[in-house]
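Written out below as structure tokens is the structure these notes cover.
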Amino acid sequence: MSLYTDVVRYPDLFMNIFRRELYGKYRGSVLGLVWTLINPLVLMAVYTLLFSVLLKAFQIEHYPLFVLSGLLTWVFFQSAVQMSCSSLFAQPALVKQVRFPRQMLPLAMVATNVVTLAAMLVVVLGVNLIFIPEIRTTFWAALPLLVLLVALASGLAVVFGYITVIYRDVEHLMNTIFLPWFFLTPIFYTLDQLPGLQGREWVADVLFYVNFVTPFVEAIRDPIFFGELPAPGDVLYCVVAGFASLVLGVIVARRMDDQVAATL
Amino acid sequence: MKPGTIVAENVSRRFRVYPQRHVTLKEAIVRRRQLRPVEVWALRDVSFRIGAGESVGFMGRNGSGKTTLLRLLAGVFRPTSGRLAVAGRVGSLLELGAGFHPDFTGRDNIYLSASIYGLRKQEVDRRFDSIVEFSELERFIDLPVRTYSAGMYMRLGFSIAVNVDAEVLLLDEVFAVGDEAFQRKCIDRILDFKRQGKTIAFVSHSGAALERMCDRALLLREGLVEYDGETGEAIRRYQELLAGEEDPAERAAGLQEWGTGEARVTEVRLEDGAGEVREDFMPGDHVVLRFRVQNREAIDPPWLAIELRDVTGGLLSRAERDLGELGWDRDGKDADVRFDIQRLPLVEGRFQFNVSLTDGARTRRYHSVEKAAEFTVIPHGEAHGFVLFEGDWSLEQAAPTVEVDTG
């Protein structure tokens, strides 16, 4: 696990790389941060218009906030994994010529996305607390789950950062995968409200357990939108998934660290 | 092990090279069978021991394993088999300005790059002033490095790398950067390290630099140690190795001088129109390149080629001539050749002439001298850029149009 603890062991190095990537993401301005928040807000507006106003598909109170509460999880996850794909690949000089803990590059990418996540969390919690006061007693429960979400993203960020060096098409592949993946994740709908799933509950189970982002979306949305504590089963799933992702990161990095430096 | 000691025992390094430039995941899954990597052993059973304070040169042709060895020493990757131990902190001058962000100021980049080299913030704080002072960038240190010239960028990179306080220093030949004054400073600094008893591993094609820096050199050939011993002898063997070399890319990476030696170019010098030896010229000057061709054996008239290259080695122009047409005497003595450039078509920068002598079929290379003459062009007047771009302007009044009174 020194793969991740290096961040604490070399704090100056990590902070410097983090600052570098942060600058790359926001072009060094607060306005840059605002821009990254606009994307989920636009998505929220579009899905509300489409599914709530026009199609009248879902009977969910505060539908825009419901969508936003799901997007919080998804946007962070997608952006962190997507951006980490090129984190090593884009720095050939560093990877090929210099000895340093290379996994810091994808991990710093995740860290920059944590900044966006925090900003978005403030926005979502602020609005939700105004319109849904009953979440006041439960929203804290989202915080440990968000930590697990960051763990999930960190492990996968390392995996994809390393793999993209060897297989150049992975980044494009992920671009292709993320859109259908988004639609299969219950962000603008809930699995129990899908009319097509009546009598076919096993499909819902597959959508829930195979798509490992789903338990995170639901477990984080429960306390910040529905005012309920997340189901223990979901929490357990998130703990296992987050930890498994970290372990996968360690395995991939250990197997590929040498190969990555030799290939790039 | 004493800090600065390097021990290599039967070090081998294998690379898996795929026939395609890039492997895609799609191919890896769909055509797993056809994607056989070729195994390349870049180093085979390399053993040596470098004591603390020794300066050792590594030479060999492209692909002989020099770069792999330096990267192994730097710790970028590990040997496939064998044991490699480097005691103490390794300073690498292989990649100057590692991790620089163009939009960051010089100051921020010093902290960024130094942390990648393994320094803590407090350690950088302590060295900050000497880094800036050495780089001579005091006035620019709070400007983004994207505003720096290539030379300034490298100077900053070099200053950081030499301030890491390493026990082992890895160098390749680009270590001398910037203008001539700064290059001298770089070399002095490296010689300082040598005097301070730091271990230096130096990869170079420059015989002169190797002789100056190293008492001992390893000659690598196809991943094996061909010779390990006194530098002069290593250079001699390397020249032998290169003499038969046909591939221009290999030659380009070779020594500054090589060839089979039946005829040689000597006494190269640059003069102005008045016959005065000069090293700097102004755009449009009359420049004369003179040299002597020594005839060592009776050979048919050789061809002579002059290449004009910029400081990075980029080819700007090439002139070639059959010396037979100039009146080469087969059994004659030395001949003095003169190449007159009536108006120097360059504006600004540092340039070099490479001279080579070949036989008529251009298959046998008698002698090649890289950087046979170097010179600087000092800009003058309005001209900018690389090339003297002369033309005549003219303007013809077009048919008159109705004038509009704009009040």
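The values are calculated or read from the model by the stated rules, or taken from the named source; none is laboratory data. Quick caveat: nothing in here was measured; it's all calculated off a predicted structure. Note that we place each Cβ from the backbone using ideal geometry, even for glycine, and neighbour counts take in every protein chain shown.
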field: Hits in segment A:1-14 (condition: at the interface with another protein chain (Cβ under 8 Å from one of its Cβ atoms) and surrounded by fewer than 21 Cβ atoms within 10 Å (Cβ to Cβ))
entry: A:Y10, A:D12
- request: Determine whether B:G57 is more than 11 Å from chain A (Cβ to nearest Cβ), part of a strand (DSSP E or B) and in contact with a Lys or Arg (Cβ under 8 Å, 6 or more places away or on another chain).
  value: yes
statement: Residue pairs qualifying under the 6 Å Cβ cut-off, at least six apart or on distinct chains, with the first in segment A:248-264 being within 13 Å of chain B (Cβ to nearest Cβ) and the second being of a type in the set (S, T, Y) and buried (at least 18 other Cβ atoms within 10 Å of the Cβ), are A:M256/A:Y162; A:V260/A:Y162
- request: Name the single residue, out of those in segment B:92-110 being buried (at least 23 other Cβ atoms within 10 Å of the Cβ) and outside any loop (DSSP other than H, G, I, E, B), that is modelled with the lowest pLDDT.
  value: B:S92
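For segment B:111-149, give me each residue that is away from chain A (no Cβ under 14 Å), part of a loop (DSSP other than H, G, I, E, B), closer than 19 Å to B:R189 by Cα and not charged (D, E, K, R). Reasoning before the result, please.
Taking segment B:111-149 first, the residues away from chain A (no Cβ under 14 Å) are B:129-143, B:147-149.
Applying the additional criterion that residues be part of a loop (DSSP other than H, G, I, E, B) yields B:136-137, B:141-143, B:148-149.
Checking the rest, the ones that are also closer than 19 Å to B:R189 by Cα come to B:136-137.
Result: B:L137, single match.
Can you tell me which residues in segment B:49-66 are under 20 Å from the mean Cα position of the chain (by Cα) and basic (K, R)? So that I can check it myself, show each step before the final result.
Within segment B:49-66, the first condition is being under 20 Å from the mean Cα position of the chain (by Cα), and the residues that meet it are B:55-66.
Hits for segment B:49-66 are B:R61, B:K66.
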statement: Expected output for segment B:234-247 (first residue surrounded by 14 or more Cβ atoms within 10 Å (Cβ to Cβ), partner at pLDDT 80 or above and basic (K, R), Cβ below 9 Å, 6+ apart or cross-chain) is B:A234/B:R216; B:Y238/B:R61; B:L241/B:R61; B:L241/B:R221; B:L242/B:R61; B:E245/B:R61
message: If I filter segment A:65-98 down to residues being part of a loop (DSSP other than H, G, I, E, B) and within 18 Å of the chain's Cα centre (by Cα), which single residue comes out as surrounded by the most Cβ atoms within 10 Å (Cβ to Cβ)?
response: A:S87
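Okay, residues lined up against (1) within 14 Å of another protein chain (Cβ to nearest Cβ); (2) at pLDDT below 95; (3) under 27 Å from A:F212 (Cα atoms):
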site: A:T48; (1), (2), (3): no, yes, yes
site: A:V53; (1), (2), (3): no, yes, no
site: A:K56; (1), (2), (3): no, yes, no
site: A:L68; (1), (2), (3): no, yes, yes
site: A:M83; (1), (2), (3): no, yes, yes
site: A:F89; (1), (2), (3): yes, yes, yes
site: A:L94; (1), (2), (3): yes, yes, no
site: A:P106; (1), (2), (3): no, no, yes
task: Just give me the residues in segment A:126-185 being farther than 14 Å from A:W74 by Cα, more than 14 Å from chain B (Cβ to nearest Cβ), among the hydroxyl-bearing types (S, T, Y) and not in a helix (DSSP H, G or I), in sequence order.
output: A:T138
- request: Tell me, yes or no, whether segment B:145-159 has at least one residue that is buried (at least 20 other Cβ atoms within 10 Å of the Cβ) and more than 19 Å from the chain's Cα centre (by Cα).
  value: yes
task: Return the total of residues in segment B:201-233 being part of a helix (DSSP H, G or I) and surrounded by fewer than 19 Cβ atoms within 10 Å (Cβ to Cβ).
output: 5
